[in-house]
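All remarks here apply to the structure that follows.
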Amino acid sequence: MMNVRLRAFALIAAALLSGAASAAERPVVDAPAGSVAGVEVDGIRSFKGIPYAAPPVGAARWTPPQPAASWQGTRDATEFGAACMQPGPRAASIYSWDLPAMSEDCLSLNIWAPEGAKDLPVFLWIHGGALVSGSGGDPLYDGSALAKRGMIVVSINYRLGAFGWLAHPALSAESPDHVSGNYGLLDQIAALQWVKRNIGAFGGDAANVTIAGESAGALSVMYLMAAPAARGLFAKAIVESGYMVSAPALRDRVNGMVPAEAQGAALAAKLGASDLAALRALPAEAIAEDAAKAGYFPFPAIDGKTVTRQLVESFDRGEQAPVPILAGFNSGEIRSLRFLLPKPPADAAEYEATIRANYGEFAEAFLARYPAETIEDSMLAATRDAMYGWTAERLASNQAALGQAAYFYIFDHGYPAMEQWGLHAFHAAELPYVFGTTGKTPELWPKIPDTLAERKLIRVIGDYWASFAKSGRPQASDAPAWPDYADDRGFMHFADEPKAAHNLFPGTAALHEAVVCRRRAAGDMPWNWNVGLASPPLPPKAEGCQ
């Protein structure tokens, strides 16, 4: 009996000693913000759930982010922080994840770094989700594979929905700057400021930060490029499927949009909150769900401080950050976003008649690109080009005009499961190729086959993105040289394999630019949501427009 007890004690002691040794071997970083302990797997160290700002809760709900409190000892950084508050999914989709734990206390970031990292470029990822949903901890954004390419990868959470973007007269009244809204954008700036102060401790070069994002994350990148407070916090930008749509002003009615403060006041009334105290007393879960049900759509507001003017105008004036850019879109963007399409016409005759009535002198050019004979394909392509294609090419053109390197692409790749579901090169389809996370896609995502061709494309795209983050020039071994956009509208076509080319869809960007110019000059309508059959009649020609 004694021998049994001695053996049991020895086993327990060995286990405890093993656990202590394991804990001791965990990577620890002493950063200015505090000491954190992470984990190391295959030479990549990860540190998760690090707070970059104080919890925006209670009286701090709907206030700019404040510095995070310092902590004593070594903070455990092995688990992602809570996702920011968001509504549950209304229906299952290819983008659906099981929602993680959510909280208003969500302003955290995650870091992946190679062992022994020193002065490496930093790739800071801003997740998409229409400014309503998502998390920097989504498995699709695991930074391990990118970090193995010689980078520090950072992903962030930022306030979403009404928590991140609500403007309201009472909130503006209590603000020293007399503005409200844009809290999610201010969170992103605070995360960049944290990176500037702390990333050197993790082996990153604070002077070589690339901000990158897809969809709403790409929208965020564009706003960061235009935001005065973000200037100097990054050196390069990547915009995947961005949309440079019109935004509401804080108090004035511009471009046919209800002022942001009026939208906020209307939402408060629908939530049954008579004043700011009542709004802040509402349970976070109720705000997340009920705001979505009430039809509240979050968006940055032109407040004259953080967002100084419409993005289009900022970029036309050359006020954006003068940094190299990599921007592009997917050929099948709208195949997974069909809610963006208007109701289809009864037949080809109705389609053509509507386009002619809406587009006037540009109708022939529109119908040549989006003919009545193929209504569904035409509708998909027209909305894609007006939102995502026009935005990507405009960004490349704008940065080239500043004398910056500009790299333009179209992702046009498909594989059997994707084609079977009619989702060729759908919105966000490039993400597993960028991150090397083909085995970590959502449950209903068309499964990417593990073939030699797919593995090669994953390697090449990852190499292009990583080398751009390092040097501002996308390069990949055993792959074509990527021409600068300034070289005869150069671009990279990612199909079964990458191919360099020039002058994508000749005349298409110019067509949509001409339409946008007329609508901007009219001043009483937005310019990107109302495309094709949903377009109002084109305004008359204005000075400076075709």
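Observations, loosely collected:
- Annotation: of all residues in the range 225-269 being open to solvent by 10 Å² or more (accessible area, probe 1.4 Å), of a type outside the set (A, V, I, L, M, F, W, C) and under 21 Å from V531 (Cα atoms), the one that is modelled with the highest pLDDT is Y243.
- Residues within the range 506-532 that are of a type in the set (A, V, I, L, M, F, W, C) and in contact with an Asp or Glu (Cβ under 7 Å, 6 or more places away or on another chain), tallied: 1
- Residue match in the range 346-363 (condition: surrounded by fewer than 16 Cβ atoms within 10 Å (Cβ to Cβ), closer than 14 Å to S378 by Cβ and touching a residue at least 40 places away in the same chain (Cβ under 8 Å)): no
- Qualifying residues in the range 437-469 (those that are among the small types (G, A, S) and surrounded by 22 or more Cβ atoms within 10 Å (Cβ to Cβ)) - the one farthest from T210 (Cα to Cα): A466
- Filtering the range 470-479 for residues that are open to solvent by less than 10 Å² (accessible area, probe 1.4 Å) and within 12 Å of L326 (Cα to Cα) leaves a non-empty set.
- Residues that are assigned to a helix (DSSP H, G or I) and either farther than 20 Å from V258 by Cα or among the β-branched types (V, I, T) (or both) within the range 519-546 comprise G532, L533, listed in sequence order.
- Selection from the range 320-343 of residues that are surrounded by fewer than 17 Cβ atoms within 10 Å (Cβ to Cβ) and either of a type in the set (D, E) or over 30 Å from H493 (Cα atoms) (or both): K343
- Every residue from the range 225-254 that is farther than 27 Å from F47 by Cα and part of a strand (DSSP E or B): A249, V254
- Condition met for F315 (surrounded by fewer than 17 Cβ atoms within 10 Å (Cβ to Cβ) and of a type in the set (A, V, I, L, M, F, W, C)): no
- Annotation: A262 fulfils all but one of (1) under 30 Å from G58 (Cβ atoms); (2) out of contact with any strand residue (DSSP E or B) (no Cβ under 6 Å at 6 or more places or on another chain); (3) in contact (Cβ under 8 Å) with a residue 12 or more places away in the chain; (4) not in a loop (DSSP other than H, G, I, E, B); the unmet one is (3).
- Failed condition for L402, given (1) over 25 Å from R518 (Cβ atoms); (2) among the aliphatic types (A, V, I, L, M); (3) open to solvent by 30 Å² or more (accessible area, probe 1.4 Å); (4) in contact with a Leu (Cβ under 7 Å, 6 or more places away or on another chain): (4)
- Of all residues in the range 71-83, those satisfying the criterion of being under 18 Å from L107 (Cα atoms) and out of contact with any Phe, Trp or Tyr (no Cβ under 7 Å at 6 or more places or on another chain) are W71, R75, D76, T78, E79, F80, G81, A82, A83.
- Subset of the range 273-293 (residues that are surrounded by fewer than 16 Cβ atoms within 10 Å (Cβ to Cβ) and assigned to a loop (DSSP other than H, G, I, E, B)): S274, D275, P283
- All strands (runs of 3 or more DSSP E) inside the range 106-224 with 2 or more residues being in contact (Cβ under 8 Å) with a residue 24 or more places away in the chain and open to solvent by 20 Å² or more (accessible area, probe 1.4 Å): 204-214
The values are calculated or read from the model by the stated rules, or taken from the named source; none is laboratory data. What you see is a predicted model, and the numbers here were worked out from it, not measured in a lab. FYI the Cβ positions are ideal-geometry reconstructions off the backbone, even for glycines, and counts take in every protein chain you see. What goes into the accessible areas is simple: the full protein's heavy atoms, side chains included, and nothing from ligands, DNA or RNA. Shrake-Rupley method; radii C 1.70, N 1.55, O 1.52, S 1.80 Å.
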